[in-house]
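Following: one structure in structure tokens, then a few remarks.
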Amino acid sequence: MKKLFLAICFTMCFVAGQVLAEVSTIEEAEITSKEPKPVEPIKLEGLPNPENLKEVRSFFKKRFQTAITSDSADLGDLNKTNAMDIQHSSEYIATMQEKKKSAFQRIYEQAMGRVDKPQAEFSPDTVFYEQVKKQNLSGNRQIEDIATVKVTLPNGEKVVAVAKEHIPYLLVSYNILPTGAVNVDEEVVVIANGEKLQNGLVKLMPKYTTSRSKVKKKLDITLLSVTVNGKEVPYRLTEIGNNVLFEPKKIQTLETGVYTYRFKYLLNRKLWYYDEFTEFYADITGSYPNLVIASANAIVSVPDGKNFISQLSMTGYPKYLSTSRAVIAHLSSNALGFASLTPVNAGEGMHILTSLDRNVFIKPSLSQRFVWFITDYGNTFFALIGFLAIFLSYFFSWKLIKENKSRLSIRFKQTAPLSRYILTGAYDKRSFVSGLLDLLRYKIIDINKEDDTILLIKKTDQTQNLPMGLKKLAEMLFSKNDSSLEVKTKNNLKFDRAFAAHEKYIKRYFKFLAWRLNAFYLAFSLSMLALTVMAISYIAINPLETFLIVSVGILTMMFYMWILRYPFTSKLTKYIVRPLAGFFVLFTVLLLGVYIHFLCALLIAATVGVIMEYSSRFSAKNGLIKSKTLELDKLRKYLKINAQIVSKGMEFELQQSNIFAFELEDLYEPDPKNEKIYRLDLAKAMLKLI
């Protein structure tokens, strides 16, 4: 329920109940409690009822009968009822009455006295709480008027505030529900003049709450609505480090003026449950650490029929907290009011603590405690699960690869140069010539010898069905107008260009093949990483923003980790670039730690490192491509052992390029059955000419 009250009302009710200032800390609140003083009407002894004429006459008759004639110096205290009443001067009476007033009452009356005075112009140049003091010859100080502005409070009352950016009035209503959740209705009156509040009011709230034994738990915050001067404004919650920001969704331009903000939100896990009582704690002014708050107020209410065991309010800087700068009032049997007696400066806090019977609240269920566990440790828990799933899948798969038990395979258009590169890891002249034999096999060219000249004769331009590497080789050797090419020194430039282009393609295709073999593992690991990020983001206060931030962080780490692994040819470049890349990886982790838990950010970085490390291993020559290496080695042994059988069959035409690539041409002699297609002798001769 909403209850409005003013600090002035509380102060006037409890002027007589003020205590001497004492300095304490939050920890001392465990043994300190301050019970509100009941309001007692002020009564002076012996005064008659002014409405009863007989009682008034009897009073004065008695006073005259007991009057004592003496010198004025011997009269003593003239305020005694049995002494003769002497009329003092108006100046003396005013002085005595002023002395009886509390400090806050005098501040209140001074402020209210300015209401009817002409107000100074509201200008951003007006200095906040500036008091220009002048010393005259008699030693009396005069204080010049402060520029002020009239402010209408949420309850309709008008007060006067200094015309400088600050909060003249703050009221936070905490309605503690039977479930332990806290419904908060917070009204903030701000004076803006284009300085700190240029882009609107941003509210700050700690992400965690801490018990007396220093145990931390994460608050569950649900923003319900935000209005400015009665108009709803879209706000969002953003996690920054150990704090949550209530900030506008769109950039605002707050013109100079007076604004009333109203935040409505729900807090869960705000209470701490101890053996004998339940405690509620809040710093009602800590949400605005860079603004002075002239009047800070709070209401704490509990379910009907329940009441408070104890209550305490402390105001000041963290190590200098005073219990006398605020008053506490019983608003009803189940509601307490807290009001500041002095302005709360920037950096100070107004802390309120209340303790209640533990049985007031419903005991959390098992499912609720599980939800709270996920709220506290979910991001780190999900990051750990994702890391273990990815690491273990890679680890055991790598063991299978090392033991030659991997059965992952993929179809590709195999050529002799690629087979040689997979087996030996090199591309040389033999690889190039075996590529020419592949063109012969596909009937794109013919290789003949006329006299002492070896000729490459183009038979067709239809190369669309060729593997891409052989297609590039044919295009580099033959233009549209060429029909033959002599293997001679004069054509070395053309052969060199074709050699370089084909070599580049084979190496690039080898990497592509390795990544295709690794695609399953890469897809699995990246999917697990994406699910991890989604789970982390889902339990965050702002899921979409968290997902985008973590995703960008992951991409950034991948880029710099790739730089760390890049084989720089220059040592100077390596020694300069790699440390910088390592620094940016660490910086990205620290930056992510602002939005998610630092341990969670470390686990994500470790996961990215595992993915990149194992992907590199799987893509290496002894990685997943190893299965193809074993397959080609088996083919090489077959061609070596069965040379006589292969050379006399149709298989020779298909395997001639592989025979040359595997350096087995000496085992294959010309035979009447293969003499029309036998070109191994010409291939050996071309090795010396190219």
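The values are calculated or read from the model by the stated rules, or taken from the named source; none is laboratory data. Keep in mind it's a predicted model, so treat the numbers as computed, not measured. Note that each Cβ is placed from the backbone with ideal geometry, even for glycine, and that neighbours are counted across all protein chains shown. Side chains are part of the model used for accessible areas, which takes the heavy atoms of the whole protein and leaves out ligands, DNA and RNA. Shrake-Rupley method; radii C 1.70, N 1.55, O 1.52, S 1.80 Å.
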Exercise. Would you kindly work out the equivalent ellipsoid of the stretch 226-380 from its C-alpha gyration tensor and give its semi-axes, the square roots of five times the eigenvalues, largest first in whole Å?
Key: 28, 24, 16
Quiz item: What is the spin-label model distance, in nm, from Leu630 to Asn307 if the labels are put 7 Å beyond Cα along the C-beta direction?
Solution: 8.2 nm
Quiz item: Hey, how much of the P(r) for the stretch 518-658 falls beyond 21 Å, as a percent of Cα pairs?
Solution: 60 percent
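Report, please, the projected area of the stretch 301-363 averaged over directions, based on the convex hull of its C-alpha atoms, in nm².
On the way: hull surface 20.9 nm².
Mean projected area of the Cα convex hull: 5.2 nm².
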Exercise. Mind checking which of Asn465, Phe524, Ser479 is farthest towards the positive end of the stretch 459-529's charge dipole, using Cβ charges of +1 (Lys, Arg) and -1 (Asp, Glu) about the Cα centre?
Key: Phe524
Practice problem: Output ³J(HN,Hα) for the stretch 176-182: one whole-Hz value per residue in order, computed from phi by the Karplus curve 6.51 cos²θ - 1.76 cosθ + 1.60 with θ = phi - 60°, and x for Gly and Pro. | Solution: 7, 7, x, 6, x, 6, 10
Exercise. Could you work out, for the stretch 646-690, what percent of all Cα-Cα pairs fall into each 5 Å distance bin, beginning at 0 Å and stopping at the bin that holds the largest distance?
Key: 5, 24, 35, 24, 9, 3, 0
Quiz item: What trypsin sites (Lys or Arg not before Pro) does the stretch 269-348 have in DSSP loop regions with at most 16 other beta carbons within 10 Å?
Solution: Lys306, Lys319
Exercise. Show the residues, 5+ positions off or on another chain, whose built amide H is closer than 5 Å to the amide H of Ser322.
Key: Ser24, Thr315, Gly316
Exercise. Name the residues whose placed amide hydrogens come within less than 5 Å of the amide hydrogen of Tyr274, ignoring near sequence neighbours (fewer than 5 apart) on the same chain.
Key: Glu279
Quiz item: Among Phe652, Leu632, Ile690, whose Cα sits farthest toward the positive end of the charge dipole of the stretch 613-690 (+1 at Cβ of Lys/Arg, -1 at Cβ of Asp/Glu, about the Cα centre)?
Solution: Leu632
Self-check item: Student exercise, the stretch 243-322 dipole from Lys, Arg, Asp, Glu Cβ charges, in Debye to nearest 20
Solution: 320 debye
Quiz item: Karplus couplings for the stretch 302-312 from phi (6.51 cos²θ - 1.76 cosθ + 1.60, θ = phi - 60°), rounded to Hz, Gly and Pro as x?
Solution: 10, x, 4, x, 10, 9, 9, 7, 7, 8, 7
Quiz item: Per the Debye formula with a single identical scatterer at each Cα and no solvent contribution, what log10 I(q)/I(0) holds for the stretch 336-449 at q = 0.10, 0.12, 0.22, 0.24 Å⁻¹?
Solution: -0.72, -0.85, -1.20, -1.26
Self-check item: Cβ-based charge dipole, the stretch 283-432, positive-most Cα from Asn290, Ile352, Gln414
Solution: Gln414
Self-check item: log₁₀ of I(q)/I(0) at q = 0.15, 0.23, 0.26 Å⁻¹ - the stretch 493-575, Debye sum with one point per alpha carbon
Solution: -0.83, -1.09, -1.15
Quiz item: For the stretch 135-260, what are the per-bin percents of Cα-Cα distances with bins 10 Å wide, up to the bin holding the maximum?
Solution: 10, 31, 30, 17, 8, 4, 0
Self-check item: Listed peptides 480-486, 578-584, 568-574 by packing density, highest first (mean Cβ within 10 Å)
Solution: 578-584, 480-486, 568-574
Quiz item: Mean shadow of the stretch 344-387, computed from the convex hull of its alpha carbons, in nm²?
Solution: 6.3 nm²
Quiz prompt | Modelled FRET efficiency - R0 56 Å, Lys207 with Arg411, Cβ distances, 0.05 increments | solution = 0.60
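Holding the Cα-Cα limit at 25 Å, pick out from Lys402/Lys472; Lys504/Lys640; Lys640/Lys684; Lys490/Lys684 the pairs that are longer than that.
On the way: Lys402/Lys472 35 Å; Lys504/Lys640 29 Å; Lys640/Lys684 18 Å; Lys490/Lys684 19 Å.
Listed pairs above 25 Å: Lys402/Lys472; Lys504/Lys640.
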Quiz item: How do the peptides 467-479, 543-555, 222-234 rank, highest first, by the average count of neighbouring beta carbon atoms within 10 Å per residue?
Solution: 467-479, 543-555, 222-234
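Of Lys399/Lys507; Lys634/Lys688; Lys449/Lys673, which pairs sit farther than 23 Å apart, going by alpha carbon to alpha carbon?
Details: Lys399/Lys507 26 Å; Lys634/Lys688 29 Å; Lys449/Lys673 20 Å.
Table pairs above 23 Å Cα-Cα are Lys399/Lys507; Lys634/Lys688.
In the stretch 157-218, how does Rg compare with the Kirkwood Rh, expressed as the Rg/Rh ratio over alpha carbon atoms? Can you show the working numbers first?
Numbers: Rg = 16.4 Å, Rh = 14.9 Å.
Here the Rg-to-Rh quotient is 1.10.
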Exercise. Kindly sort Asp275, Asp681, Asp220, Asp376 by accessible area of their heavy atoms, largest first, with the probe set to 1.4 Å.
Key: Asp275, Asp681, Asp220, Asp376
Quiz item: What is the Cα centroid distance between the stretch 647-685 and the stretch 253-323, reported in whole angstrom?
Solution: 91 Å
Quiz prompt | Spatially close lysines, pair count over the stretch 164-304: Cα under 20 Å, gap of eight or more or interchain | solution = 26
Practice problem: Based on alpha-carbon positions alone, could you give the equivalent ellipsoid semi-axes of the stretch 420-537 from the gyration tensor, as √(5λ), descending, whole Å? | Solution: 41, 14, 12
Quiz item: Using the Karplus equation 6.51 cos²θ - 1.76 cosθ + 1.60 (θ = phi - 60°), what ³J(HN,Hα) coupling, rounded to whole Hz, does each residue of the stretch 617-631 give in order, writing x for Gly and Pro?
Solution: 5, 5, 8, 6, 5, 9, x, 5, 5, 4, 5, 5, 4, 5, 5
Exercise. Determine the alpha carbon to alpha carbon distance for each of Lys621/Lys676; Lys488/Lys626; Lys413/Lys458 and list only those over 28 Å.
Key: Lys621/Lys676; Lys488/Lys626
Self-check item: Distance (nanometres) between label positions extended 7 Å along Cα→Cβ at Ser367 and Phe396
Solution: 3.3 nm
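Beyond 18 Å, how much of the Cα-Cα pair distribution for the stretch 587-690 remains, as a whole percent? Could you put the intermediate results ahead of the total?
Working: 3476 of 5356 pairs.
Within the stretch 587-690, distances greater than 18 Å cover 65 percent of Cα pairs.
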